[in-house]
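Bear in mind that the values in this text are calculations on the coordinates, not laboratory data. Everything quoted here is computed from the prediction, not taken from an experiment. With ideal geometry, Cβ positions are generated from the backbone for all residues, glycine too; neighbour counts draw on all protein chains shown.
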Amino acid sequence: MKTGGLGDVMYALPKALVKLNCDVKVILPNYGVIKPQYKEQMVYKGSFYMDLTSDGKQYYVGIMEYENDGVVYDFIDNEEFFTRGNPYTNLVDDIPVFSFFGKAALAALNYLDWTPDIIHCHDWQAGLVPIYLRTMFASTPLARAKVVTTIHNLRFQGQYNIQTIKYWSNLPDEAFNMGALQERWTEANMLKGGLAYSDAITTVSNTYAGEIQTAEYGEGLEDHLRFHSYKLRGIVNGIDVDIWNPATDKLLEAPYGVENAIEAKKANKLALQKSLGLEQDEGKFVIGLISRLTNQKGLDLVSAVVPGMVDGNTQVVILGTGDPEFEDSFRYYENQYKGTVCAYIAYDEALSHQIYAASDVLLVPSKFEPCGLTQLIAMRYGTAPIVRETGGLKDTVEPYNMFENTGNGFTFDRYDAGLLYDAINRAKTLYFEDREDWDKMVIRDMEKDVSWAKSAEQYRELYLQLT
Ligand code: ADP
Ligand code: GLC
């Protein structure tokens, strides 16, 4: 299941933890949209009925299990809650869904008689888990577990009126106070409550851990986070270097390692140009963008600079879906600059691999970016990222230094289209005027360690400290 980076992380981190000798279970909803080929391999582990709402309604909880690479996945089954099209729809529906999910996850652990040392929650959808654990589950074996909550994106918090969240969770009044679930007079906030009840909080880069304690990036929770800052730290994401490996990537026209990257990237470029209907010319500077098309990602800046970017030697390839305003704007440019700009409005895993491999640079000019994975994948594929210096982008991309010939990409600081434009032009200058140094950067990027090894070790150390 993947709608963005959380999917990558929840696949790769457990796998990396298993390598460090941790015993890991991943608990997630048995979403209706999971492909049948995986559903068929799930094994039924049992089922029970669970009290949920304040008027005592009971709901079915099934447990379906699947094992992969030493990681055990327990899918919480309930057709009423999880058969909608997408994992996330709208808050009216999502509040009941994730109230149910949080409680069912804990109840399933007790049912399976599997008592972990650490329960690690991700984002607001798991926000009620720490609260259930310390209230309703306080006298069950599970209560010995310590809780870590990781914030992947503070923009989403699961806010709704107190009445509704009280009804669906049946949590005791004590949890609905200003230090925990309550927010303003009438609202409750699932992430806020979960953070208060967690033993540790992490977020996915050091810079973002600092940023979210300020009004600019705190999304209204900055005071709450400052209050809890003693238990908050950043641990930067990695990527799964087996899935993202240009040397073995079957989706590429010409797989490559550092020894043949420069030539193979040209072959991949020609193949991409052909499949997308762009002018076939290996000499063109290809600018890629792979993103959810939302306000977070700095797309208004991109939109503003497209006409300036296309100078006769440059092509732009955009892959993404999301807000109609951005989809339309990029479609307009494709039409305006036929053969030079391609706006592929879709979610397409295979094409994403081909763009990472074929591009010379990848744009990530985000307004905020907790970590960001596309810049890491780009570097692994020898594609220089052009990023705004925020969150994980700042922590993972070292700016190119022409005097020392160091660095991995191009960066700019203020959220300003002119600065993005300037960064793109710095990249072009190096590409067209000093190809030797450019090629060295391609190799430096491919050799940079973007794996999970170091970060998984940091999570493990955190777990050990807590226990
Ligand atoms: P976020 O989680 O905020 O969307 P990340 O950079 O952490 O951002 O992760 C995005 C992930 O989703 C990457 O693996 C990227 O390749 C993938 N992705 C985003 N949009 C698309 C798309 N349209 N098609 C295929 N993959 C996409
Ligand atoms: C979120 C963030 C992204 C991060 C991802 C995985 O979706 O927007 O920056 O990389 O989670 O942690």
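Some values worked out for this structure:
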{"item": "The chain - mean residue ellipticity at 222 nm from DSSP helices (-39,500 (n - 2.57) per run, n ≥ 4, rounded to 500)", "result": "-12000 deg cm²/dmol"}
{"item": "Check: the stretch 388-434 dipole with +1 on Lys, Arg Cβ and -1 on Asp, Glu Cβ, in debye", "result": "160 debye"}
{"item": "17 Å reach of a label modelled at GLN465, 7 Å along Cα-to-Cβ, counting backbone N of the stretch 205-240", "result": "205-210, 226-237"}
{"item": "Selected from ALA378, TYR59, TYR88, residue furthest toward positive end of dipole (the chain; charges at beta carbon)", "result": "TYR59"}
{"item": "Coarse-grained scattering of the stretch 258-447 at q = 0.16, 0.17 Å⁻¹, given as base-10 log I(q)/I(0) from a Debye sum over alpha-carbon atoms", "result": "-0.94, -1.08"}
{"item": "Pairs beyond 19 Å (Cα-Cα), from LYS19/LYS454; LYS250/LYS338; LYS15/LYS448", "result": "LYS250/LYS338; LYS15/LYS448"}
{"item": "Assigned charges on the beta-carbon of Lys, Arg, Asp, Glu; the chain dipole about Cα centre (debye)", "result": "560 debye"}
{"item": "10 Å binning of all Cα-Cα separations within the chain, expressed as whole percents from 0 upward", "result": "4, 20, 29, 25, 15, 7, 1, 0"}
{"item": "Rounded to 10°, Cα long-axis angle of helix 5-19 versus longest principal axis of the chain", "result": "70 degrees"}
{"item": "C-alpha long axis of helix 324-336 to longest principal axis of the chain, angle in °", "result": "20 degrees"}
{"item": "Extension reserve of the LYS39-ASN68 stretch, reckoned as 0.36 nm per residue once the Cα distance is removed", "result": "9.1 nm"}
{"item": "Neighbour-limited loop hits for chymotrypsin sites (Phe, Trp or Tyr not before Pro), the stretch 344-405 (at most 13 other Cβ within 10 Å; DSSP other than H, G, I, E, B)", "result": "PHE403"}
